[in-house]
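Working notes for the structure below.
Nothing in this text is a laboratory measurement; each read-out follows from the coordinates by a stated rule. Predicted, not measured: the structure shown is a model, and the values here were computed from it. Counting neighbours? That spans all protein chains shown, and the Cβs are built from the backbone with ideal geometry, glycine included.
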């Protein structure tokens, strides 16, 4: 198959989807830290 | 070549551009999350409590009884209401299926709350502010809490401890 | 020794795969056992979910706790591990064109697993182990409960050993050339994680068994938790690794996808083997006695490198599908490949739905709740909300998707009700999504897990807890009903195919 030797492939849609997922993950991450910071101080 | 058949002889190939980008970003995010945990430990206000002592059940029960006797200010439904000195040590014993006291704490003051169990594993779940810690028999787990708002809070057992588990609900009263 | 006893093989007329007949029998038998336990666990799932939905509260308290205990063990251990053993035998023989090394040992392992599973299930139903899946000491069960789990673990360990030996001998006998297929590689990763898991299970359950007999006088509850979670969570990492392997398989079966980069995908599996079991310590995040460094280092799965592994698969699997689809001519714009994907093919539907639920709901919630955030999540409904998205929406649905191909291939019968099979992943997916989100949201409101009701704790003080939980628990309850319908469709298709499916040549 063409270009298989140097492992080039064309999947731009996947890269977009992957970054949408990562953005979702990062948003959830910060929402959770904000929720944690809203409770009583703990040591 | 497919995922269900052996790959071609040499499959050790360099990553293409998109892959390099994704792996680099994913690695950066992974490291960010790790240092985020370290950072929260250093600068956040909610640290994972680590202070722990070995204790036998009788010893901790004695500590709790002494604490209750010294600072009890009344009773509610037969449970002593205890007002510890500001910033002092508090002893709370969980047993199937009750808490040793109702605590009366002051807003903005840090209390060292000693948690232990007289029998099974229990859970300390403060509601509705939502803070949760595990309670084990023979371990004295010291959790330093600072109430941030006056009001009444539930102390719910959230580790399964037998058929009466759902009835094991206590209270913390926070005054201004 | 009949090393090349060709009469023990048949060639599948559809796929051209060569099937070792003694392996085929074991694969079918283990898969049937798996589906039977899935059926039991599914019925219990409906009953306990309709109890947690406060306005319904179907069961009395004692039966709720009992059925929840059975549900946990049957689903998390028996259904999944029986199916995984079937999957291992498949990946170790059919995909490698190889023979199963010692079918007799496979049957011995199966008998041990079945005896153990039946024993501990019956003991729990009889009221001898109302102590949940975790069986935290000092809650004590009947000795036969622990013995059942031990027998099952020993059987599973033998099966895993048989798989690994089969793969090694297949290489020696030159049944395949070069490296193993990626799917088998992922299953080998799962098997290695399984060895760690099952040995840990023995280390925790053997002393618990002796303690329940009175031979050992006490079992430290803190030590028990460390040991138990070296079994309990790694067991889910077996599922993770096996599920990802199945994802690659489904992508190939339904779209012809090839791994876009064998090196990267295999490296990601290696990251699982090396680091993922460290994460189990997140169960002890708010326990007494561990140091801060221990908690942070371990729950991060070593700088989150195991999470990096998952992020690599999250890219590589859809990329493989995209490349395959573009090669078929669906190359317009960014997403024509996705729009034109075989959405009506049961395997692709299962892959897509399982991939999305696992990633967006299960994976993210699991990683985040394992941080200091655990203080606002520990033992709330957030925890089952997380793992129903991973183990049910992710692993179980992926396994169902694979079963739609494995059953016809192994039994030589046509799948009954293909249209139902096409709809099933979507029905199941909607149900599990509602179930998981309902649980996660309830947990965010503070609702505890494993409790018969929250009536006592939501009344009686100035600030009632769990405001809004009536809505979130209803979402959970409705989701559970839909998911159970989806599960029943799968069981129906599997059983009818096995019994009445049209014979293929």
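Table for the structure above
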read-out: Likely footprinting exposure, C:9, B:34, C:82, fewest C-beta neighbours within 10 Å first; value: C:9, B:34, C:82
read-out: Compactness of region C:266-358 - radius of gyration and Dmax, Cα, Å; value: 18.6, 60
read-out: Using alpha-carbon coordinates, inclination of helix C:469-500 to the longest axis of chain C, degrees; value: 30 degrees
read-out: For chain B, radius of gyration divided by Kirkwood radius, i.e. Rg to Rh on alpha-carbons; value: 1.25
read-out: Shielding by other protein chains, C:436-446, mean Cβ within 10 Å; value: 2
read-out: Cubic angstrom per residue, convex hull over Cα atoms of region C:402-453; value: 118 Å³
read-out: Two-site FRET efficiency, residue C:177 against residue A:8, from Cβ-Cβ distance with R₀ of 30 Å, rounded to 0.05; value: 0.70
read-out: Descending principal axes extents, chain C, alpha-carbon based, whole Å; value: 71, 60, 49
read-out: Packing-based exposure ordering (other Cβ within 10 Å, fewest first) of C:285, C:410; value: C:410, C:285
read-out: Length released on extending from residue C:206 to residue C:467, taking residue separation times 0.36 nm less the Cα-Cα span; value: 89.6 nm
read-out: Label point distance in nm, residue C:43-residue C:499, each placed 7 Å from Cα along Cα→Cβ; value: 1.4 nm
read-out: Partner chain coverage, peptide B:30-42 - average Cβ within 10 angstrom; value: 6
read-out: Normalised per residue, the volume of the convex hull around the Cα set of the protein assembly as shown (Å³); value: 147 Å³
read-out: Peptide C:361-373 - average C-beta neighbours from other chains (10 Å radius); value: 5
read-out: On Cα atoms only, tilt of C:221-255 relative to the major axis of chain C in degrees; value: 40 degrees
read-out: Inter-label distance for residue C:343 and residue A:37, nm, one decimal - labels placed 7 Å from Cα along Cα-to-Cβ; value: 4.0 nm
read-out: Two-site FRET efficiency, residue C:165 against residue C:419, from Cβ-Cβ distance with R₀ of 60 Å, rounded to 0.05; value: 0.90
read-out: Modelled FRET efficiency - R0 25 Å, residue B:47 with residue C:303, Cβ distances, 0.05 increments; value: 0.75
read-out: Neighbour-count ranking [beta-carbon atoms within 10 angstrom, fewest first] of C:266, C:225; value: C:266, C:225
read-out: Cα-projected label distance for residue C:223 with residue B:107, points at 7 Å along beta-carbon direction, nm; value: 4.7 nm
read-out: Length released on extending from residue C:7 to residue C:105, taking residue separation times 0.36 nm less the Cα-Cα span; value: 33.2 nm
read-out: Principal-axis tilt of helix C:61-73 within chain C, Cα atoms, nearest 10 degrees; value: 30 degrees
